[in-house]
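Comments concern the structure below.
Nothing in this text is a laboratory measurement; each read-out follows from the coordinates by a stated rule. Because the structure is predicted, anything quoted here is derived from the model rather than measured. Glycine gets a Cβ as well: all are built from the backbone with ideal geometry, and neighbour counts include every protein chain shown.
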Amino acid sequence: MPALPLIIDSDTGSDDAVALLLAAASGLGDIRAVTTVAGNVPVGTGTRNALISLETAGRTDIPVHPGCARPMTRMLSSAQHVHGEDGMGDIGLPDPSASCESTHAVEVLLSQPRENPGELTLVTLAPLTNVAAALLRDPDLFTRYRHVYCMAGAADLRGNISATGEFNVWADPEAAKIVTQAATPDKVTWIGWDVSRKDAVMTPADQQHLENIGTPMATFAHRINRTVADWARDVTGLAGYDLPDPVAMAVALKPDLITEQEQAYVDISVADETRGQMIIDRRVSAPAPNLTLVRRVAEAGFKKLLFDTVGTLAPPAPAAAP
Ligand code: RIB
Ligand code: CA
């Protein structure tokens with residue numbers, strides 16, 4: 001099975017970082033580019049974190065393109081209180097050895113599928129600002145990708161950053177609305193926080209196992225998620241920290257991990273009280289579905305992919321070009 005050609009859009013925080021390891025080191029992904037966007041942390045910090053994560057996977061050759069520095073209409077509300085000031089658990093990670101590219105993320109999201117029609121899978125792990133900006137320039141953008149998987153929303157309407165909002169949609173609900181307006185269920189799949197909360201929670205035993213693996217990628221994944229583990233204990237009340245971006249990436253890499261999904265018509269609330277909530281219309285009279293919604297994933301299969309991947313030793317970083 002050839003590796004899946006990927007474009008990844010990320011606001012690289014501690015869970016995005018683990019998703020990047022899965023894409024870069026599982027053997028299932030062929031990352032053509034990473035684009036970054038403001039979200040968990042300011043875009044410059046997220047860009048640094050993406051470079052660090054790819055270097056940890058031995059992939060300093062993968063281009064990283066910075067993108068939008070704030071949501072479409074709102075000021076950035078980051079998740080640094082969740083992931084740490086640096087987004088990676090504030091453990092003092094050294095600067096990356098690679099530098100980011102100068103071409104803007106939105107240009108890459110537009111040009112890559114034009115140059116490789118129908119070949120690329122886009123995986124978004126962040127607020128949808130870059131993608132929405134690309135859609136405003138190319139309304140048919142999604143038709144040019146093979147498929148688009150978004151870690152976005154919560155189909156059970158239970159929020160993580162508010163009572164009703166999942167962070168990626170809550171941070172830029174206008175962008176999420178633009179995405180739902182352009183989406184068709186054959187092209188766009190959302191993996192919501194409801195999936196992560198149910199099928200991707202790292203229990204204390206899982207966390208101990210991850211730490212015991214002892215490889216550089218496993219140790220990195222364990223250490224950068226200490227802050228989010230505290231937040232999960234104090235706020236979401238889960239049995240450990242959950243991994244929303246890694247489980248969304250795992251679905252893109254291995255769709256057979258999906259055990260339950262549906263198609264539905266989804267709109268997004270931009271009202272203050274329900275900012276970012278998914279409005280799912282299941283009436284007979286509802287418009288035709290616009291999204292495929294993953295509802296459950298095989299937890300054991302996801303965690304096996306995760307532990308197997310971080311348990312490998314990353315290849316030495318490619319020698320710098322002469
Ligand atoms: O709600 C979870 C999402 O918000 C993840 O992408 C996480 O990285 C944060 O951005
Ligand atoms: Ca993210």
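Can you list the lysines whose alpha carbon is less than 29 Å from that of Lys303, not counting same-chain residues fewer than 8 positions off? Reachable lysines: Lys187, Lys198, Lys254.
The ellipsoid that matches the Cα gyration tensor of the chain has semi-axes, each √(5λ) in whole angstrom, of 27, 23, 19, with the longest given first. Note on Thr259/Arg137: beta-carbon distance plugged into 1/(1 + (r/R0)^6) with R0 of 51 Å gives a FRET efficiency of 0.90.
Ordered by the count of other Cβ atoms within 10 Å of each Cβ, fewest first, His65, His81 give His81, His65.
Here the spin labels are modelled as points 7 Å beyond Cα on the Cα-Cβ line, and at Asp230 and Asp61 they lie 3.9 nm apart.
Global size of the range 77-149: 15.5, 42 Å for Rg and Dmax (C-alpha atoms, Rg to one decimal, Dmax whole).
Quick check on the range 259-306: take the gyration tensor over C-alpha atoms, sort the square-rooted eigenvalues as a ≥ b ≥ c, and tell me if it's rounded (a/c under 1.5), prolate or oblate. Cα axes put the range 259-306 in the oblate bin.
With K and R counted +1 and D and E -1, the other residues having a Cβ less than 10 Å from that of Gln80 yield a net charge of -3.
Once a ≥ b ≥ c are taken as the square roots of the eigenvalues of the Cα gyration tensor of the range 1-84, is the result rounded (a/c under 1.5), prolate (a/b larger than b/c) or oblate (a/b not larger than b/c)? Verdict is prolate for the range 1-84. Seen from every direction in turn and averaged, the convex hull around the alpha carbons of the range 229-313 projects onto 8.3 nm².
Our summary gives the chain a relative contact order of 21 percent, counting only alpha carbon pairs under 8 angstrom and 6 or more residues apart. As a proxy for reagent exposure, Lys198, Lys304, Lys177 were ordered by neighbouring Cβ count within 10 angstrom, fewest first; the result is Lys304, Lys198, Lys177.
When each of the peptides 47-55, 112-120, 21-29 is scored by the mean number of other C-beta atoms lying within 10 Å of its residues, the order from highest to lowest reads 47-55, 21-29, 112-120.
If you take all other residues with their beta carbon under 13 Å from the beta carbon of Pro173, and give Lys and Arg +1 and Asp and Glu -1, the sum is -3. Rounded to the nearest 20 Debye, what is the dipole magnitude of the chain about its Cα centre when Lys and Arg each give +1 and Asp and Glu each give -1 at the C-beta? Roughly 360 debye for the chain. Report the calculated FRET efficiency for Glu174 and Asn212 (r = Cβ-Cβ distance, R0 = 45 Å), to the nearest 0.05. Efficiency at R0 = 45 Å is approximately 0.55. Residues Arg197, Arg59, ranked from the fewest to the most other C-beta atoms within 10 Å, line up as Arg197, Arg59. Given the options Leu136, Thr189, Met151, identify the residue whose Cα lies farthest towards the positive end of the charge dipole of the range 116-222 (+1 on Cβ of Lys, Arg; -1 on Cβ of Asp, Glu). Farthest along the dipole direction, towards plus: Leu136. For the chain, the membrane-span-like helices by this rule, meaning whole DSSP H stretches whose C-alpha atoms cover at least 18 Å of axis and whose Kyte-Doolittle mean is -0.5 or above, are 43-56; this says nothing about an actual membrane.
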